[in-house]
2 protein chains.
Amino acid sequence: METSTGLDKPYIEQGATSSHPSLLIVQELKNLSRPILILRRKKTLLYQGDTFQGLYIVQSGMLKQTLQCKNDNEQLTHFFLPEDIIGLDAIGEGFYSGTVIAIETSGLLHIPFRRIEEFPDLQTSHMQLLRCLSRAMSLEHSRMWQMISQPADVRLACFFAAMSRNFFARGYSPYSFRLAMSRQEMADYLCMAVETLSRLISRFQRQGILTARGHEYCIVDPDALASIAARSK
Amino acid sequence: METSTGLDKPYIEQGATSSHPSLLIVQELKNLSRPILILRRKKTLLYQGDTFQGLYIVQSGMLKQTLQCKNDNEQLTHFFLPEDIIGLDAIGEGFYSGTVIAIETSGLLHIPFRRIEEFPDLQTSHMQLLRCLSRAMSLEHSRMWQMISQPADVRLACFFAAMSRNFFARGYSPYSFRLAMSRQEMADYLCMAVETLSRLISRFQRQGILTARGHEYCIVDPDALASIAARSK
DNA sequence: CGAAAATTTGACGTGATTCAAACGCAGTGG
DNA sequence: CCACTGCGTTTGAATCACGTCAAATTTTCG
């Protein structure tokens, strides 16, 4: 039996979410949404190649996006947290670029539209959408570049630091949280073998930087974590 | 003394360029362009962090885009060929995300505008711009993912195959062309050490796949090249 | 022509993957 | 209640691709 130390206890009542990059458009989109959609763990929201049917906004839970290559290997490209938008990368091409699956029971808002022309109030919001896209591109780029240039321990430290910031920004404790993804999924996201990830988590625990029991993670020494994340190759 | 076997001899008179993804918007943008801009080899077109002053369309020559990290290392993110658009990734943020330098004397068209609102005929063209951005994001993503997941020889083979296709699509020979970039720049682009690149080119020549004399490259055995490019890890 | 830069080649070290095996944990059925 | 099974995680040992260092060779360009 697990005691959820993270997601169930709001750390700051509210307010911190204003720093989320796409908040404005989120607010705008929410006004158009259908009733909330519940997706159980391991259930698929949409498949890679499906024709674009609109965006989704995460309200609770967590999801992953995987990209199936022609080979058998698949790349984990995104974890979606509450207030994240799913499907932005499908607007241009007209079909979803990856399969999205819930890694824990999640609540979603669906903003249905097929073509961008159906998007309401286009004049005032298309600029934001552009910025959103472009920003996503930049973020993705820097993430990938980090995967290429940074050693595995730095990548993992950055991942925990980023998750910590994400939870804090959403009103939860930055030091203790639950990550529903398996080690395999985390390793896929960080572009390393599961064994490497396991070894690194063991090492971090030995060094007193964090503790990991199952899916519960506690950051014991944030400064040490940050110093590893900051150190470049 | 070099005999330019590639760029100087149109392979197909015209027509193949219609397959270029951003051709329509290129045509539209060209109507607004100022007189052509000439940039000599190693001259800088714009610096990373400069405020967005508009897009550039390559007419001739080749340029590179590098991304300066806070560390000393710099990542080569793009090579721009004729008809490519420079600066798309700056629209969202308002400043250029990388430094663009000519690697050979290049002709450019400048489409000056500061804010997206000044963009003419916005209603009909913003959709294309969105698609363009999104497509660039997808391309970039798959490229980066390749860097992470594929071994060095596959990456190099893909690079030559892609260059071959690029030259063919632009009306030149796909089997013999000149690449103005240095080995260092090519290695940066492919995320490998110069020495590794040099060894691989030597190996490919030993295997009779291609020949390289200076900056002139001939693809002798396209099938062998393709089979290396196709093979996944 | 001569200096500086670019390219090639070899030797070596290492971080990360792969292979293999042991361990823990949840669910199932006898 | 306890073996049995399957899955996720951990740990160890061997291997490999690639980067780094260093030196030789070629090319570039004033």
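Figures for the structure shown
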read-out: Test: residue in region B:137-147 that is away from DNA strand D (no atom under 14 Å from the Cβ), of a type in the set (Asp, Glu) and under 21 Å from the mean Cα position of the chain (by Cα); value: yes
read-out: Whichever residue in region A:176-233 is assigned to a helix (DSSP H, G or I) and among the hydroxyl-bearing types (Ser, Thr, Tyr) and, among such residues, is modelled with the lowest pLDDT; value: A:TYR189
read-out: Some residue of region A:190-200 being more than 11 Å from DNA strand D (Cβ to nearest atom) and touching an Asp or Glu at 6+ places or on another chain (Cβ under 8 Å); value: no
read-out: Every residue from region A:144-182 that is of a type in the set (Phe, Trp, Tyr) and assigned by TED's automatic domain parsing to the domain that holds A:GLY214; value: A:PHE159, A:PHE160, A:PHE167, A:PHE168, A:TYR172, A:TYR175, A:PHE177
read-out: Among (1) surrounded by 12 or more Cβ atoms within 10 Å (Cβ to Cβ); (2) over 27 Å from B:GLU118 (Cβ atoms); (3) modelled with pLDDT under 65, the one test that B:SER33 misses; value: (2)
read-out: Subset of region A:95-107 that is among the polar types (S, T, N, Q) and not in a strand (DSSP E or B) - its residue that is surrounded by the fewest Cβ atoms within 10 Å (Cβ to Cβ); value: A:THR105
read-out: Evaluation of A:CYS158 against (1) away from DNA strand D (no atom under 16 Å from the Cβ); (2) more than 30 Å from B:ASN73 (Cβ to Cβ); (3) not hydroxyl-bearing (Ser, Thr, Tyr) (one fails), failing number; value: (2)
read-out: Count of residues meeting criterion [among the acidic types (Asp, Glu) and away from chain B (no Cβ under 14 Å)] in region A:75-118; value: 3
read-out: Residue match in region B:212-224 (condition: without any contact (Cβ under 8 Å) to a residue 60 or more places away in the chain, within 16 Å of DNA strand D (Cβ to nearest atom) and among the hydrophobic types (A, V, I, L, M, F, W, C)); value: yes
read-out: B:ARG135, sole failed condition from (1) of a type in the set (D, E, K, R); (2) within 14 Å of another protein chain (Cβ to nearest Cβ); (3) touching a strand residue (DSSP E or B) at 6+ places or on another chain (Cβ under 6 Å); value: (3)
read-out: Test result for A:HIS215, assigned by TED's automatic domain parsing to the domain that holds A:PHE79 and not aliphatic (A, V, I, L, M); value: no
read-out: B:ASP153 vs. criteria of a type in the set (D, E, K, R) and within 16 Å of DNA strand D (Cβ to nearest atom); value: yes
read-out: Index of the failed condition, A:GLY49 passing every other in (1) surrounded by 14 or more Cβ atoms within 10 Å (Cβ to Cβ); (2) at pLDDT 80 or above; (3) not in a strand (DSSP E or B); value: (1)
read-out: Top-ranked residue in region B:147-174 [being of a type outside the set (A, V, I, L, M, F, W, C) and surrounded by fewer than 18 Cβ atoms within 10 Å (Cβ to Cβ); ranked as farthest from the other protein chains (Cβ to nearest Cβ)]; value: B:GLY171
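Table: residues versus (1) part of a loop (DSSP other than H, G, I, E, B); (2) in contact with a strand residue (DSSP E or B) (Cβ under 7 Å, 6 or more places away or on another chain); (3) closer than 23 Å to B:SER138 by Cα.
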site	(1), (2), (3)
A:GLU93	yes, no, yes
A:LEU109	no, yes, no
A:GLU117	no, no, yes
A:MET127	no, no, yes
A:ASP153	no, no, no
A:ALA161	no, no, no
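The values are calculated or read from the model by the stated rules, or taken from the named source; none is laboratory data. Since we're looking at a predicted model, the values are computed, not measured. Don't worry about glycine lacking a Cβ; one is built from the backbone with ideal geometry, like all the others, and counts go over all protein chains shown.
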